[in-house]
1. Does the range 81-92 include one or more residues that are of a type outside the set (Gly, Ala, Ser), within 10 Å of the chain's Cα centre (by Cα) and part of a helix (DSSP H, G or I)?
2. Which residues, taken from the range 42-62, are over 22 Å from ARG116 (Cβ atoms) and in a loop (DSSP other than H, G, I, E, B)?
3. Whether any residue in the range 150-160 is touching a helix residue (DSSP H, G or I) at 6+ places or on another chain (Cβ under 6 Å) and not basic (Lys, Arg) is what I want to check.
4. Tell me the residue from LYS165, LYS124 that is modelled with pLDDT of 95 or more and more than 28 Å from HIS42 (Cα to Cα), please.
5. Considering only the range 93-176, give the strands (runs of 3 or more DSSP E) lying wholly within it that have at least 1 residues that are open to solvent by 30 Å² or more (accessible area, probe 1.4 Å), among the acidic types (Asp, Glu) and closer than 30 Å to MET22 by Cβ.
6. Going by what's in this entry, would ASN132 be described as polar (S, T, N, Q), at pLDDT 95 or above, over 19 Å from the mean Cα position of the chain (by Cα) and under 30 Å from LEU41 (Cα atoms)?
7. Report, ordered by the first and then the second residue, all pairs with beta carbons closer than 6 Å, sequence separation of six or more or different chains, a first member in the range 29-43 that is over 19 Å from SER67 (Cα atoms), and a second member that is among the hydrophobic types (A, V, I, L, M, F, W, C) and open to solvent by less than 100 Å² (accessible area, probe 1.4 Å).
8. Going through the range 81-92 one residue at a time, which ones are open to solvent by less than 10 Å² (accessible area, probe 1.4 Å) and either of a type in the set (Phe, Trp, Tyr) or more than 23 Å from PRO47 (Cα to Cα) (or both)?
Amino acid sequence: MLRCILLLTAVSLLYAAKEDFMDVCINGTHQKTKPGPEDKLHGQCTPWKLKSCCTTSTSEAAHQDQSFLYNFNWDHCGTMSEQCKTHFIQDTCFYECSPNLGPWIVQADQQWRKERILDVPLCKEDCEAWYNDCSADYTCKDNWHKGWNWTSGTNECPLGTSCRKFTAVFPSASDFCEKVWTNSYKFTESTRGSGRCMQLWFQNDDVTPNVRVAEYYAAVKGSAHSLRLALLMMLVPLFTLLAL
């Protein structure tokens, strides 16, 4: 009986290969269960139209100052500049629409979603451009996932906080990219085209670079599963003898 259990476990690990981390959608609030074509994606979400985890209505809402997606108000410390807001819209499209986040999807113990992304390696240029374009804007918090005052139905600065420039709240680009969404992103020194970091921005709607990066990290994760499988298979005879 024990041997059967071990063999079944080994088989389940065998299928946790590279392919399991590709072409998957986050189990979140607005994502589809499986990626597919969406010919009418809106604005900055269009790079994912051939294979998308978001719907057209989600892509349209991503461009609204306060949408049905999360009722989040970008203008919590005065009107956010257009150049800064453009990056947050692109970030929203990336999170809602990309089917290439599988290697970084983890379980989330939150009411509004069952999964999240963690430590997605962000290309140096993307993070720095985002930070630089928001440097003159204001916020009252360094973690935008939690701690807001929601009594009005939308996010407001909590009691005891004050609005300060982004550069005062976030002393560096890496600090900003890693803190603002609770380590959803990881700042890297890797650059676009290196094959080791994900891009938020795309040339000619070409997401191919991100596909290649996801494939690389999926293979790494698949190899880790294969190693665990090999170790387990080595232990099967030992446990079988102990069970006799």
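The values are calculated or read from the model by the stated rules, or taken from the named source; none is laboratory data. Please read all numbers here as calculations on a predicted model, not as lab measurements. Please note: Cβ atoms are built from the backbone with ideal geometry, for glycine as well, and neighbour counts cover all protein chains shown. To get the accessible areas, we keep the full protein, side chains included, count just its heavy atoms, and leave off ligands, DNA and RNA. Shrake-Rupley method; radii C 1.70, N 1.55, O 1.52, S 1.80 Å.
1. Going through the range 81-92, the residues of a type outside the set (Gly, Ala, Ser) turn out to be 82-92.
Remaining after also requiring within 10 Å of the chain's Cα centre (by Cα): 91-92.
In the following step, the residues that additionally are part of a helix (DSSP H, G or I) were identified as 91-92.
Within the range 81-92 (the criterion being of a type outside the set (Gly, Ala, Ser), within 10 Å of the chain's Cα centre (by Cα) and part of a helix (DSSP H, G or I)), the answer is yes, since at least one residue qualifies.
2. Within the range 42-62, HIS42, LYS49, LEU50 qualify.
3. As a first pass, look at the range 150-160 and keep what is touching a helix residue (DSSP H, G or I) at 6+ places or on another chain (Cβ under 6 Å): none.
No, that holds for no residue.
4. On the way: LYS124 fails: more than 28 Å from HIS42 (Cα to Cα).
Going through LYS165, LYS124 in turn, just one is modelled with pLDDT of 95 or more and more than 28 Å from HIS42 (Cα to Cα): LYS165.
5. Numbers: elements: 105-110, 113-117, 120-122.
Those strands (runs of 3 or more DSSP E) span 105-110, 113-117.
6. Working: polar (S, T, N, Q): yes; at pLDDT 95 or above: yes; over 19 Å from the mean Cα position of the chain (by Cα): yes; under 30 Å from LEU41 (Cα atoms): yes.
Criteria met by ASN132.
7. PRO35/CYS25; PRO35/CYS53
8. PHE88
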